[in-house]
1. Hey, can you tell me all the residues within the stretch 213-239 that are assigned to a loop (DSSP other than H, G, I, E, B) and under 27 Å from MET249 (Cα atoms)?
2. Select from the stretch 160-195 the residues that are within 22 Å of GLY214 (Cβ to Cβ) and not charged (D, E, K, R) and list them in ascending order.
3. Residues that are among the hydrophobic types (A, V, I, L, M, F, W, C), at least 3 per element: which strands (runs of 3 or more DSSP E) completely within the stretch 48-108 meet that?
4. Can you name the condition, by its number, that HIS274 falls short on among (1) surrounded by 14 or more Cβ atoms within 10 Å (Cβ to Cβ); (2) under 20 Å from TYR196 (Cα atoms); (3) in contact (Cβ under 8 Å) with a residue 60 or more places away in the chain; (4) of a type outside the set (Phe, Trp, Tyr)?
5. Does ILE279 fit the bill of being assigned to a strand (DSSP E or B), under 14 Å from the mean Cα position of the chain (by Cα) and among the aliphatic types (A, V, I, L, M)?
6. What do you reckon, is GLY256 open to solvent by less than 60 Å² (accessible area, probe 1.4 Å), modelled with pLDDT of 95 or more and either in the same structural domain as VAL299 (by the TED database) or not in a helix (DSSP H, G or I) (or both)?
7. Restricting to the stretch 8-45, name every residue that is in a helix (DSSP H, G or I) and either touching a helix residue (DSSP H, G or I) at 6+ places or on another chain (Cβ under 7 Å) or modelled with pLDDT under 50 (or both).
8. Could you check how many residues of the stretch 173-206 are more than 15 Å from ASP260 (Cβ to Cβ), open to solvent by 80 Å² or more (accessible area, probe 1.4 Å) and either without any contact (Cβ under 8 Å) to a residue 12 or more places away in the chain or in contact with a helix residue (DSSP H, G or I) (Cβ under 8 Å, 6 or more places away or on another chain) (or both)?
Amino acid sequence: NGGGMNPDKMRHCMSLGYSAKSKAANTIGQYGNGFKTSTMRLGADVIVFSCCCGKDGKSPTRSIGLLSYTFLRSTGKEDIVVPMLDYEGSQQEWKKIIRSSLDDWNRNVETIVQWSPFSSEADLLHQFNLMKDHGTRIIIYNLWEDDQGLLELDFDSDKHDIQLRGVNRDEQNIKMAQHYPNSRHFLTYRHSLRSYASILYLRLPPGFRIIIRGKDVEHHNIVNDMMLSKKVTYRPQPGASGIPTDLHMAVDVTIGFVKDAKHHIDVQGFNVYHKNRLIKPFWRLWNASGSDGRGVIGVLEANFVEPAHDKQGFERTTVLARLEARLIQMQKDYWNNNCHEIGYAPRRYKKYIKDSYDREISSKKSYPSRHKITDSSHSDKHQLHSNQRWEGKDSKRLPEASNYGDRKGHESSKGKYKMKTPVKYREGASVSEPLSPSAEDASDDDMHVMVTARGANGSSQKILAAEKSFGKDGLHRTHPSACLVDSESQQDGASGGSSVRPFMPSQSKVIFKLYSSSVSLLSSPVCL
């Protein structure tokens, strides 16, 4: 029951490539092909009835148009021929609008009656009685079938819905939607028109209704399916391609867990709207391995990015790439800070490692010089405390990898990551005899690490030094010497010292992972 189309607008609608909005920015209907391509995708033929109230002293009009692939193919037409009929007048009397000749009019009537579901001109005019004084009625027929001879559209599964068959229909998702109502739209929007139409618009204008098979579609906002939600403001960079130079431009992204996330179902993604219209439903950006990211959904209206022609995606631009990167980071931050709320193991270790590393860098001034080492209790306690941070309380596992970017002490140059070490040891040397640096050994490519080696009897031993270096060829080398600090020598520790003895490969085997930005180094079991 919209405004309807007069005869001129009706011809524009039924012709390919015409758009009155082609010069109007930021509106849909830019290309003049949406109606034709969408109707032809659903069925071979479409007939349109439209009535329009008279404006500016003009009489009301009625128009009928036929776009029939069956007609064009059967008659061998090389051009797209769209027969049309126009009337003007009032409810009491409707007169024919003859544009060329009466013969052309009669020929159009015969063509429409022959290739449409209606048997006569009177039957065609009866369709206007089903509408009010203004509006448009579109009938698509000869619907397409799949390879099994069944209609692609399913009208039988739900009497109040139109659904799809085929790859978009997942029976497992349909069953899950019954058990997880807050995830229903995520599980059903691909095959259910009612589900998709309910989230198609971010806001409904007053009095606006969508009716499918006699039943109103209930508008749904995905925000209502969230728990532990929060708003994050995203500001596109002014002056970037496609973005107006508006310093006050900002987008509020609402992000949170779907209420069914506690069941650990794989529901995630962002609903991205443009000019109130849904473009990307449940856009999945963070494809993490394992369970990371599950249950996190978001909603935003991104009017600064350009939709694609089919309104099912966005044009690939720098602006879109920046938005993608920011949304991924939002989801990661939200997941790492809140995943424990829905039953997943806390992901705080990443921040823990980063803070631990920063503290170690900031305290480097208190370290001994690279050619000296002291045996003071302060040095032992610092090494022990540093080691305990890496071990955790149970000493059973080391932290997982965390990419926290290049920082002080991590210098990236031509693919090589450099790490500084306070001291190196010669094979067979004691802890008080550091290795004299040479021109090659004095480089910053060495690493000095301290970890715990657990013996077969359950006792733990501290590996005070284990060294790796990276040569110019890019291969790592391991010094065969290391030292053990026996943690069971409590008497010596109480007197301010530690019991130090050489560490031999036969005593213990430890696999140790050292994590730097984007690099994982796995030492040889012979040394560590």
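1. The answer is HIS220, ASN221, ARG235, PRO236, GLN237, PRO238, GLY239.
2. Listed by number, the residues that qualify are HIS160, ILE162, GLN163, LEU164, HIS185, THR188, TYR189, HIS191, SER192, LEU193, SER195.
3. Values: elements: 61-68, 84-89, 94-96.
Counting at least 3 such residues, we get 61-68.
4. Going through the list (1) surrounded by 14 or more Cβ atoms within 10 Å (Cβ to Cβ); (2) under 20 Å from TYR196 (Cα atoms); (3) in contact (Cβ under 8 Å) with a residue 60 or more places away in the chain; (4) of a type outside the set (Phe, Trp, Tyr), HIS274 breaks only (3).
5. Values: assigned to a strand (DSSP E or B): yes; under 14 Å from the mean Cα position of the chain (by Cα): yes; among the aliphatic types (A, V, I, L, M): yes.
For ILE279, the condition - assigned to a strand (DSSP E or B), under 14 Å from the mean Cα position of the chain (by Cα) and among the aliphatic types (A, V, I, L, M) - is met.
6. Details: open to solvent by less than 60 Å² (accessible area, probe 1.4 Å): yes; modelled with pLDDT of 95 or more: yes; either in the same structural domain as VAL299 (by the TED database) or not in a helix (DSSP H, G or I) (or both): yes.
Yes.
7. Pass one, the stretch 8-45, residues in a helix (DSSP H, G or I): 8-14, 34-42.
Correct list: CYS13, PHE35, MET40.
8. So the first thing to find is which residues in the stretch 173-206 are more than 15 Å from ASP260 (Cβ to Cβ), and the list is 174, 189-206.
Filter once more, so that each one left must be open to solvent by 80 Å² or more (accessible area, probe 1.4 Å): 190, 203, 206.
Add one more test, that the residue is either without any contact (Cβ under 8 Å) to a residue 12 or more places away in the chain or in contact with a helix residue (DSSP H, G or I) (Cβ under 8 Å, 6 or more places away or on another chain) (or both), and what stays is 190, 206.
Summing the residues that are more than 15 Å from ASP260 (Cβ to Cβ), open to solvent by 80 Å² or more (accessible area, probe 1.4 Å) and either without any contact (Cβ under 8 Å) to a residue 12 or more places away in the chain or in contact with a helix residue (DSSP H, G or I) (Cβ under 8 Å, 6 or more places away or on another chain) (or both) in the stretch 173-206 gives 2.
The values are calculated or read from the model by the stated rules, or taken from the named source; none is laboratory data. The model shown is predicted, which means the values in this text are computed figures rather than measured ones. Here the Cβ is made from the backbone with ideal geometry for all residues, glycine too, and neighbour counts use every protein chain on show. For the accessible areas, the whole protein counts, side chains as well, though only heavy atoms, and no ligand, DNA or RNA atoms are used. Shrake-Rupley method; radii C 1.70, N 1.55, O 1.52, S 1.80 Å.
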